[in-house]
Amino acid sequence: MFEDIQLIYMNIRILRFWGLLYDKNVRRYICLILASFHIITQVMYMISTTEGLIGIIRNSYMLVLWINTVLRAYLLLMDHDRYVALISNLTKAYYELLSFNDGYIDEELTEVNRVGQMMARGNLFFGLLTCLGFGLYPLASTERVLPFGSRIPGLNEYATPYYQLWYVFQMLITPMGCCMYIPYTSLVVALIMFGIVRCKALQHRLRRVAVLYPAGECDTRKLAAEIVDCIRYQQSIIDYMAQINALTTMMFLFELLAFSALLCALLFMLIIVNGTSQVIIVCMYINMILAQILALYWYANELREQNLAVAAAAYETEWFTFAVPIRKNILFMMMRAQRPASIRLGNIRPITLELFQNLLNTTYTFFTVLKRVYG
């Protein structure tokens with residue numbers, strides 16, 4: 001069971017606690033109802049606010065973050081069975097790799113478990129630090145503001161005691177939102193990380209072919225069966241990645257568009273805020289966006305590169321010394337690997353570090369335009 005796979009266990013455990021995965025409990029309805037109500041009050045605030053540019057940028061960031069959080073939760077519930085099937089696929093593939101009793105593969109599994117667990121804990125820690133930043137921002141302000149701009153018609157949220165009550169409410173739901181948002185991101189990245197391990201395992205298996213079946217001394221039937229098994233394993237990796245894409249591709253597109261605009265706005269906010277404390281808090285917001293995007297893009301790029309590397313590993317089998325039918329199978333395998341399966345953005349283009357660089361370049365370009373116009 002997945003309980004023994006540290007790569008994903010912590011993330012699933014948190015999502016399970018909130019009733020978003022596997023279990024159905026009252027906490028699911030509490031967190032979704034409170035978060036949805038909070039988004040409605042934020043939208044009403046954004047529609048009616050007369051706050052300055054700093055407040056509008058900050059509250060736009062909060063609104064997009066909360067919408068993204070609730071959207072993830074609803075998508076997780078809507079596609080619950082497909083997420084469970086994907087996790088089951090990972091679990092089955094994980095124990096299949098363990099059953100090989102291969103030192104190299106065991107080391108890769110140990111390392112991915114360590115990194116995945118460390119990343120899950122680190123993301124949660126930095127997420128909670130950001131929650132603390134949300135709570136400290138009103139304390140650093142010279143006037144009464146709430147962590148998240150929100151409005152209820154007929155109620156003055158800045159008057160005592162409504163201000164204090166609303167502040168407490170927002171600080172209570174913030175860790176709840178963090179535990180809905182962060183574990184989902186860490187889980188998706190962990191799924192991608194395991195795909196990388198599967199690609200490395202396939203490369204390792206192909207490189208051993210030249211050792212186990214030397215030219216002129218090999219059992220042709222066993223060699224043919226081994227190559228067919230490798231092709232099937234390659235196809236299972238492609239199917240695994242297709243499962244991830246089907247569940248996440250449109251959400252990744254929404255995040256790219258939303259966070260690109262917000263990153264530009266937050267950079268602009270840095271040059272117009274007053275006070276060191278507010279600058280530090282805005283930097284925390286920016287770091288949270290970059291940390292979430294970079295982790296995803298880094299491992300998605302690595303997965304694409306490891307898929308490409310399968311072609312090189314297949315070439316190293318000394319395929320040209322084998323029988324013609326085996327050569328053809330290996331050639332088909334190399335051709336497929338040269339069109340690497342990738343985690344895609346809105347089913348349009350693969351997620352790579354080049355795309356991340358383009359995102360930063362575009363964001364900085366718009367930032368410099370804003371700086372010239374308003375600076």
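The table that follows gives values for the structure above.
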{"read-out": "Answer residue from the range 270-318, given it is outside any helix (DSSP H, G or I) and open to solvent by 10 Å² or more (accessible area, probe 1.4 Å) and is nearest to Gln234 (Cα to Cα) among those", "value": "Glu316"}
{"read-out": "Flag for Ile87 being aliphatic (A, V, I, L, M), open to solvent by 20 Å² or more (accessible area, probe 1.4 Å) and either assigned to a helix (DSSP H, G or I) or in contact with a strand residue (DSSP E or B) (Cβ under 8 Å, 6 or more places away or on another chain) (or both)", "value": "no"}
{"read-out": "Given (1) open to solvent by less than 20 Å² (accessible area, probe 1.4 Å); (2) free of Cβ contacts under 8 Å to residues at least 24 places away in the same chain, index of the condition Asp219 fails", "value": "(1)"}
{"read-out": "The listed residue being part of a helix (DSSP H, G or I) and either surrounded by fewer than 16 Cβ atoms within 10 Å (Cβ to Cβ) or at pLDDT 90 or above (or both), out of Leu77, Leu65", "value": "Leu77"}
{"read-out": "Enumeration of residues in the range 115-157 that are of a type in the set (Ser, Thr, Tyr) and either in contact with a Gly (Cβ under 8 Å, 6 or more places away or on another chain) or open to solvent by 70 Å² or more (accessible area, probe 1.4 Å) (or both)", "value": "Thr142"}
{"read-out": "Test for Glu255: is it in a helix (DSSP H, G or I), among the acidic types (Asp, Glu) and more than 19 Å from the chain's Cα centre (by Cα)", "value": "no"}
{"read-out": "All positions within the range 97-111 that are assigned to a helix (DSSP H, G or I) and either open to solvent by 70 Å² or more (accessible area, probe 1.4 Å) or aliphatic (A, V, I, L, M) (or both)", "value": "Leu97, Leu98, Tyr104, Ile105, Glu107, Leu109, Thr110, Glu111"}
{"read-out": "Odd one out for Ile57, checked against (1) more than 27 Å from Thr249 (Cβ to Cβ); (2) touching a residue at least 12 places away in the same chain (Cβ under 8 Å); (3) out of contact with any helix residue (DSSP H, G or I) (no Cβ under 9 Å at 6 or more places or on another chain); (4) among the β-branched types (Val, Ile, Thr)", "value": "(3)"}
{"read-out": "Some residue of the range 46-53 being modelled with pLDDT under 85, farther than 19 Å from Cys178 by Cα and open to solvent by less than 40 Å² (accessible area, probe 1.4 Å)", "value": "yes"}
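To keep it simple, each residue is scored yes or no on (1) within 22 Å of the chain's Cα centre (by Cα); (2) closer than 30 Å to Val145 by Cα; (3) among the charged types (D, E, K, R).
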site	(1), (2), (3)
Thr174	yes, yes, no
Ala201	no, no, no
His204	no, no, no
Val211	no, no, no
Gln234	no, no, no
Leu247	yes, no, no
Met250	yes, no, no
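Here is a yes/no grid of residues against (1) free of Cβ contacts under 8 Å to residues at least 24 places away in the same chain; (2) under 20 Å from Glu255 (Cβ atoms); (3) open to solvent by less than 50 Å² (accessible area, probe 1.4 Å); (4) under 18 Å from the mean Cα position of the chain (by Cα):
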{"site": "Trp18", "(1), (2), (3), (4)": "no, no, yes, no"}
{"site": "Cys31", "(1), (2), (3), (4)": "no, no, yes, no"}
{"site": "Ala35", "(1), (2), (3), (4)": "no, yes, yes, no"}
{"site": "Ala93", "(1), (2), (3), (4)": "no, no, yes, no"}
{"site": "Asn113", "(1), (2), (3), (4)": "no, no, yes, yes"}
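The values are calculated or read from the model by the stated rules, or taken from the named source; none is laboratory data. All figures in this text were calculated on a predicted structure; none of them were measured in a lab. Cβ: placed from backbone, ideal geometry, glycine included. Neighbour counts: every protein chain shown. These accessible areas exclude ligands, DNA and RNA; they are computed on the full protein's heavy atoms, side chains included. Shrake-Rupley method; radii C 1.70, N 1.55, O 1.52, S 1.80 Å.
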